[in-house]
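Nothing in this text is a laboratory measurement; each read-out follows from the coordinates by a stated rule. Only a predicted model underlies this, so the values are computations on that prediction, with no experimental measurement involved. Glycine also receives a Cβ, built like all others from the backbone with ideal geometry; neighbour counts cover every protein chain displayed.
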Amino acid sequence: MLLPAFIPPEAWITLGIVLLLFIALMKNLAPPDLLFLGATATLALLGIITPEEAFAGFSNSGMLTVAMLFVVAAALRETGVLDYLGHHVLGRARTEKGVLARLAAVVLPMSAFLNNTPIVAMFMPVVLDWSRRNQVSPSKLLIPLSYLAIFGGTCTLIGTSTNLVVNGLMLQNELPGMHLFELSWIGVPYALIGIAYLALAGRLLPERKELLEQLGETRREYLAEMQVQPGCRLIGKTIEQAGLRQLPGLFLIEIDRASQIIAPVGPDDIIQAQDRLVFTGIVSSIIELEKIVGLVPIVDPDYLASSKQQRRRRLCEAVISEHSPLVHKTIRDAQFRATYGAAVVAIHRGGHRVEQKPGDVKLRPGDTLLLQVRAHFLSAHRNDPAFYLVSSVEDWRPLRQDRAWLAVGAFLLLILLMTTNLVPTLVAATLCAVAMVALGCLSAGDARRCVEWQ
C-alpha cells in the first residue's frame, strides 16, 4: 500500500498527461496525430524527456518504410494497375457469397503487400455498383470488404504499419528483425478463419435498404459519345473482354459503325476502329472511360486525348443558366471551345435520359456539361451568367497506362528483395519508391502528396 509514495513526480505527471490524452482521443477533441504530438511536446517542455527522445520515433525504420510504401501504392494506382484489378474482380458474380469469394481472392493478397486505404477506396465503388445492380444492401458487403483488408494485412511484415514499426523497434534494440513472411504462419490461418467467419456470419449483417435507395436517388447520369481511335487497345476485343460491362454505373447504349447502329449491344460484339460508342453513366464512370487511351469524346473535336496533355487539365461540371447564349444550340453550333476554352466530355439533363447523341443535343436551361478545362476556368467563369453553377470534379486523374508494366516490375522487384533479404526492408522500399518516380510512374510532386502524414 506504500508503493505510490515511491513513485517520482515525473511519473505522476506522465500518467496525468497520458490520461488526458486518452480522454481527448475518446472525445475526438482533435486529430490523433495532433494530440500525440501535443502530449510529446508537453513532456519535452517539462523536461521529462529530452528533445532527442521526443522525436526519435521519426527515425524509426518501420515508419519510414510505411512512407515509402505509400509512394509504391500511389504509383500502382496512377498507372491503372489497381483500377484494372478492381474493375475485373467481381466478373459475373451473382450472389453475395460469390462476391465475397472474389473479393477475398484479390483483396487479401493485395492488402498483404500494400496499404489498406487505397485498396478499400478502390473497391468501394465497384461493390456499391454491384449492390445497386443486384438490389443488395451495400452494408452486407462493405463491412466484409474492410475486414478482408485487415485480415490480409496480418499475413506479411509490410501488411500493416504496426508490423513495420514493431520491426523497427526490434532493430533499434539490437534484436534480429523479421523477414517478409515470418508472420504468415500465424496471419494466413487467422485470415482463413476470418473469411470463414464472414461467410457464415455475414448473413447476420443488417440490410439497410435506405442505403440502396440513397444510391438510386443520387445517381446523375451523363450521356457521352466516345470514338475508338486507331491503335486503341480495345480494337478487336469483345465488349466483355474490353471490360466495358464491368465499369461501375455505366451502360453502353449503342455502337455507331459507319452510320450502322448496333443496339442493343451484346457482350460478344467486337469493337472496331472508328466505332462510336454511346454511353450513359455517372461522373465516375465517364472518368474511367477517359482513362482508356485511344477512346475519346467526339462531342468536341478539340478534346485533348493524350494523357500528358490531360494531366495539365482538370474536369468540372457547369450548369447552363436560363439566359445563357448556349440555350437552343448544339455543342458544335455554339463553338464552345473557341468561346470558353473548354472541351465538352458529356451531357446530363435532369429528370430523364437524353435520347439523342450528345453532338446533336440542343442545350436547355438546367443541362449539366462535363467539361475538360484549364486550371483558370473555374475562377474565370464561376460568376459567368451563362452558367448557374461551376464546380470541379474531384479525384480525376488521367492514368499513366503506358507505365503500368514498369510499375508492376518495380513492385515485383520489391517483393523479391524483401523475400530474399538481400537488403534491409527500408532500403528495398526506398529503392522501389525512387524507381517508381524515376520511371515516370508517378511525379515527384505526387509522391510527396501521396504520403498520409497523419
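Compare the peptides 446-452, 283-289, 74-80 by average per-residue count of other Cβ atoms within 10 angstrom and give them in order, highest first. All intermediate terms of the calculation are to be shown ahead of the outcome.
Values: 446-452: 15.4, 283-289: 21.7, 74-80: 25.3.
Descending packing order for the listed peptides: 74-80, 283-289, 446-452.
Output the Kirkwood hydrodynamic radius of the chain, Cα pairs only, in Å rounded to one decimal.
On the way: mean 1/r = 0.0397 Å⁻¹.
Radius from the Kirkwood sum: 25.2 Å.
For a test of understanding, tell me how many lysine pairs in the chain have Cα atoms under 17 Å apart, given they are 8 or more places apart or on different chains. Intermediate results must be reported in sequence, preceding the final value.
Details: K97/K140; K140/K209; K291/K308; K329/K357; K329/K362.
Taking the chain as the scope, the lysine pair count is 5.
Return a whole-number percent for the relative contact order of the chain, with Cα pairs under 8 Å and 6 or more residues apart as the contact set.
Details: 709 pairs, mean separation 75.2, N = 454.
For the chain, the relative contact order is 17 percent.
Quick check on packing: order 117-123, 175-181 by the mean number of other C-beta atoms within 10 Å, highest mean leading.
Working: 117-123: 18.7, 175-181: 14.7.
The most tightly packed comes first, giving 117-123, 175-181.
Note down the magnitude of the dipole of the chain about its Cα centre, charges +1 on Lys and Arg C-beta and -1 on Asp and Glu C-beta and zero elsewhere, to the nearest 20 debye.
Using Cβ point charges on Lys, Arg, Asp and Glu, the chain gives about 840 debye.
Grab the beta carbon distance between K362 and R449, set R0 = 45 Å, and tell me the FRET efficiency rounded to 0.05.
The pair K362/R449 has a calculated efficiency of 0.60.
Sort the stretch 3-54 into rounded, prolate or oblate with this rule: let a ≥ b ≥ c be the square roots of the eigenvalues of the Cα gyration tensor; rounded if a/c is under 1.5, and if a/c is not under 1.5, prolate when a/b is larger than b/c, oblate otherwise.
Working: a/c = 3.72, a/b = 1.37, b/c = 2.72.
Verdict is oblate for the stretch 3-54.
Over all directions, what mean area does the Cα convex hull of the stretch 1-160 project, stated in square nanometres?
On the way: hull surface 55.0 nm².
Mean projected area of the Cα convex hull: 13.7 nm².
Cβ neighbours within 10 Å, averaged per peptide: list 138-144, 412-418, 31-37 in order, most packed at the top. Walk me through the numbers before you get to the answer.
Working: 138-144: 19.9, 412-418: 17.0, 31-37: 13.1.
Those peptides, ordered most packed to least, come out 138-144, 412-418, 31-37.
Mind giving me the nanometre distance, one decimal, between the label points for R203 and T50, set 7 Å out from Cα along Cα→Cβ?
6.3 nm
Can you sort L103, L148 from fewest to most other Cβ atoms within 10 Å of each residue's own Cβ? List each step's numbers first, then the result.
On the way: L103 23, L148 27.
Least crowded to most crowded, the residues run L103, L148.
State, to one decimal in nm, how far the label point of A338 lies from the label point of T162, with both points 7 Å from Cα in the Cβ direction.
Taking the two extended label points, one gets 6.4 nm.
How long is the gain from E254 to E322 if the chain were fully straight, where each residue apart is worth 0.36 nm and the alpha carbon distance is subtracted? List each step's numbers first, then the result.
Details: separation 68, 0.36 × 68 = 24.48 nm, distance 3.12 nm.
Working it through step by step, the gained length comes to 21.4 nm.
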